[in-house]
1. Expressed as an acute angle from 0 to 90° and rounded to the nearest 10, what is the orientation of the C-alpha long axis of helix A:76-90 relative to the principal long axis of chain A?
2. Quick check: pseudo-label points 7 Å beyond the Cα along Cα→Cβ at residue A:71 and residue B:128, how many nm apart are they?
3. Quick one: grab Rg to one decimal and Dmax as a whole number for the protein assembly as shown, Cα atoms only, in Å.
4. Could you check the spin-label model distance between residue B:284 and residue A:10? Points 7 Å from the Cα along Cα→Cβ, value in nm.
5. Report the one residue of A:53, B:363, B:41 whose Cα lies farthest in the direction of the positive end of the charge dipole of the protein assembly as shown (charges on C-beta: Lys and Arg +1, Asp and Glu -1; origin at the Cα centre).
6. With 25 Å as the cut-off, how large is the P(r) tail for region B:181-303, expressed as percent of Cα-Cα pairs?
7. What's the FRET efficiency of residue A:83 with residue A:19 using the Cβ-Cβ distance as r and R₀ = 25 Å, to the nearest 0.05?
8. Express the accessible area of region B:191-244 per residue in Å², computed with a 1.4 Å probe while the remaining protein chains stay in the model.
Amino acid sequence: MTAASPASPAMSWRPVLARGVVLRHDRVRGTDLLLLPERVVVLDGSAGGVLRLCDGVRDVAAVVTELAVRHPAAPVAAEVPEFLNRLRKEGWLR
Amino acid sequence: MTAPPAPPTPPHPPGPPWALLAELTHACPLRCGYCSNPVELVSRSGELSTEQWSEVFRQAGALGVVHTHLSGGEPLLRRDLPDLVAAADGAGLYTQLVTSGVGLGERRLAELNGAGLRSVQLSVQHADRVTAERIAGARSFTAKERAARLIREAGLPLGVNAVLHRGNLDDLDGLIRLALDWGADRIELANTQYHGWAARNRAGLLPTPAQVERARARVARWRERLGGTLELVWVAPDLVDATAKPCMGGWGAVSLTVAPDGTVLPCPAAGTLPGLDPPNVTHRELAWIWRESRAFNAFRGESWMPEPCRGCALRTVDHGGCRCQAYALTGDATRTDPACRHAPDHPLVEALVQGAADCADPPAYVYRGGVR
């Protein structure tokens, strides 16, 4: 898969958690969680860090840029837009 | 203080609980025949105080609980509900109100929303007003319509819950259309569990297998039509399906229930089981109750299981079914859930279901009196 260009729709929306969705660090289990009505999503590894940047102000391109600075060796541009899009389809991001 | 009896050793140390069902009060403006709360209700004067509930939420959060369902009875009858929502939210709990909608006005909802309420589950009995109020035993339909509108206007996620039985299964399409019309994000179609008061009305509530079959086909059609746009949950009728339910996701595995007087139980109906010696938050820390108490370890894991559960592949799916149902139907909580087609006591359930199929004119509901 190739990374989307910065001007594409996949990069220009400004993700933010949907109403009723809460991102929380679970100290007891040592993991990040998405909390929804009647549902808990356990987030793997860096997913919580990605979602903490989704403030409705940054667009996807800005989220990717910021993560690339933090994690220079990670395939951020290839994976993050796809990850965010998947969460949008679930209705957890808007 | 005397030493508590030594609990049986659980097979594995339990992981932390995810959810807390907080039954704030047993008082309720509705008198639904299918009510699964106990026959003997806790009086208003026996309820935990604001401070005691706040401490329950704090301990629950520290223990690993992330979701709380503020339920009852009707939780709106607690005047301190906004304080309780704030306490739960402050403890890091995702807080859902489970309500009949009666008493949910604009100002009340704004207070709750401001206190940190995250979502609302609203009950509905039938799409037809007159039938709905006959099932609920009280005027309530207009209040529900208003509540649904206010919840949507407040931007809170709305779940609609309908308990299904003989008197509304044939109107499933109407119930789903009503929930869609109300703007629900989620619809839970929960077939009646015959616990507490509901057991008294079993003959009036138990559906015929033909009704269940038609309803199941309708749910499948709605799921196809709605795609993934709306979550449609079907809680199966275990007796008619001859399949044990995975009750509470396993005993003492996922959640705790705190009754209005502070009694802590692995499931809302477990207070009826003999010898459980249910602990109370006014005497014990929630962490001890979850990990050490006799009540939470009694049916934890698989070592308690009788045959045929012990050697059955389904035991990891249904966790041996419902202990309260085993007790209610056989008088012995350690028996295999008679709902299961493999259970030695399953003929009891077959007779009940056959009785419903043969009965042309089910009895009227017996309504309970109020809570003092």
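1. Helix A:76-90 and the main axis of chain A meet at about 50 degrees.
2. Reported label-point gap for residue A:71 and residue B:128 is 5.7 nm.
3. 23.3, 73
4. 5.4 nm
5. Of the listed residues, the answer is A:53.
6. The answer is 43 percent, as a whole percent.
7. For R0 = 25 Å, the calculated efficiency reads 0.75.
8. 45 Å²
The values are calculated or read from the model by the stated rules, or taken from the named source; none is laboratory data. In this text, all values refer to a predicted model and were calculated from it rather than measured experimentally. Reconstructed Cβ throughout: ideal geometry from the backbone, glycine too, with neighbour counts over all protein chains shown. In case anyone asks, the SASA skips ligands and DNA or RNA and just uses the protein heavy atoms, side chains included. Shrake-Rupley method; radii C 1.70, N 1.55, O 1.52, S 1.80 Å.
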